[in-house]
1. I need a count of the residues in segment 133-142 that are farther than 20 Å from Y247 by Cβ, aliphatic (A, V, I, L, M) and surrounded by 21 or more Cβ atoms within 10 Å (Cβ to Cβ).
2. Only one of S130, S184 is farther than 17 Å from D253 by Cβ and open to solvent by less than 60 Å² (accessible area, probe 1.4 Å). Can you tell me which?
3. Tell me which residues, restricted to segment 109-137, are over 15 Å from E97 (Cα atoms) and either of a type in the set (A, V, I, L, M, F, W, C) or in contact with a strand residue (DSSP E or B) (Cβ under 6 Å, 6 or more places away or on another chain) (or both).
4. In segment 161-177, is there at least one residue being buried (at least 21 other Cβ atoms within 10 Å of the Cβ) and either without any contact (Cβ under 8 Å) to a residue 40 or more places away in the chain or under 21 Å from M115 (Cα atoms) (or both)?
5. Open to solvent by less than 50 Å² (accessible area, probe 1.4 Å), part of a strand (DSSP E or B) and modelled with pLDDT of 70 or more: is that true of M101 in this structure?
6. I'd like to verify a number: residues in segment 120-133 that are within 12 Å of L225 (Cα to Cα) and among the aliphatic types (A, V, I, L, M), how many?
7. In segment 128-145, how many residues are β-branched (V, I, T) and more than 23 Å from S184 (Cβ to Cβ)?
8. When the residues of segment 193-215 are narrowed to those that are modelled with pLDDT of 95 or more and basic (K, R), which ends up least open to solvent (accessible area, probe 1.4 Å)?
Amino acid sequence: MSNPIPVEKVVYHQLDQPPEIVHLLKMLRVCGILMGCLLVLVVLGGIESRSSPDTFTAAVLPAIDRNELESNDVPGNGPPPHTEYAKMARYLVHKAEWVSMGSISTVDAIKGYPMVNIIAAADSARGEKSTGTLFFYLTMLDYTAQDLSKDNRLTILLSMDQDLECSKQGVDPMEPTCARIMISGRAVRVEEGSDEFKFGTNAMFSRHPAAKHWLDTHNFFLCKLDIVQIAVLDYYGGPHYVTVEEYMKADPDSTSLAPSPLKDPFAPIVQQHSDDGRTITVKIQKDSPVRHINLEV
C-alpha cells in the first residue's frame, strides 16, 4: 500500500498553478482558520454578555450618570391622608416616573379596542415642586402616537406601587388601600420654543436622562396631558372624582398633620374622639369598614 498523500499537496499540485498562486491559496486557508476562531470568540462573548448585561449596556448605550438613576424620591412628607383625594392624585403624579397610557387602537386587527403602553413621564424636574401637568415624549414609530394622531383621547393609570411602596409594606397592589388614580384627557403637542416646552424638556431630561438621545434617532416630540377627569381610589368605598380645579390647587409638598400611606384595611375611620372624664364620644365615618363595636365598662 502506498503512503497517503497530504490533502494540501493533492489540492495545490493538481491545480498545476505557479508557486505564487499556491502560496496565495495557503494564505487564504490560514485566513479562513483565523476567521473561524474569531467567530467562535464572538459567539462566546455574546453568551457571556447575556450573563453580564451591565458590561453590554456600558459598551453600547450612552454614558448616564448612575446617581441620576438611583432614586425616584421627590420632595414631600410621604402620601397624604386618604381622604385628601386631590392631594393624593397630585402626590402620585409628582412621584411617577412612568404611566400606563391607554389609547383607542388604530391597528386593523383590533381597531377600536383599548390599547395600553408604558410611557415615560414627568411633571417637574427631579427635586423640584409638583406642577400637576404631565409631560411625555411620543414618536410616530410607536403605536400609541399613531393611535393618538387619529383620536387624542387617552387615560393614564398610576399606582402607589409603581416603586413597590405597597408591596414593601405587605399590601397587595390590588387592594384599595394601595392608592391608584385614573386620569382621562387629551394629548396635546407642546409648541417648540415656548416656555412650557423648555420647562417640559428640562423635566423629562432630569427624570429620564436617556430621553436626550431619543430625540436624535427616533424623532420624539414633547406632549402634555390636557386633563378632563380624575378618579382616585385610595380606600374602600369606590373611587372619588376630583375636579381639575381641585387637583391644580392641591399641594402634595405641603405638610400633612396625619400622613398615613397605607392604613390597616379593617381599622375604623375615626372622625372625632373626646373624653370629658364621664363620657367618651367616638364618631365613626359612614363608609368605615367597621360593622361591629364592642364596649366594655
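The values are calculated or read from the model by the stated rules, or taken from the named source; none is laboratory data. Note that the structure is a prediction, hence the values are computed from the model and not measured. Backbone-built Cβ (ideal geometry, glycine too); neighbour counts: all protein chains shown. Quick note on the areas: whole protein, heavy atoms, side chains included, nothing else; ligands and nucleic acids left out. Shrake-Rupley method; radii C 1.70, N 1.55, O 1.52, S 1.80 Å.
1. Adding up the residues that qualify gives 1.
2. S184
3. A109, I110, P114, M115, V116
4. no
5. Numbers: open to solvent by less than 50 Å² (accessible area, probe 1.4 Å): yes; part of a strand (DSSP E or B): yes; modelled with pLDDT of 70 or more: yes.
Considered against the rule, which asks whether it is open to solvent by less than 50 Å² (accessible area, probe 1.4 Å), part of a strand (DSSP E or B) and modelled with pLDDT of 70 or more, M101 comes out as yes.
6. 2
7. 0
8. Here the residue is R207.
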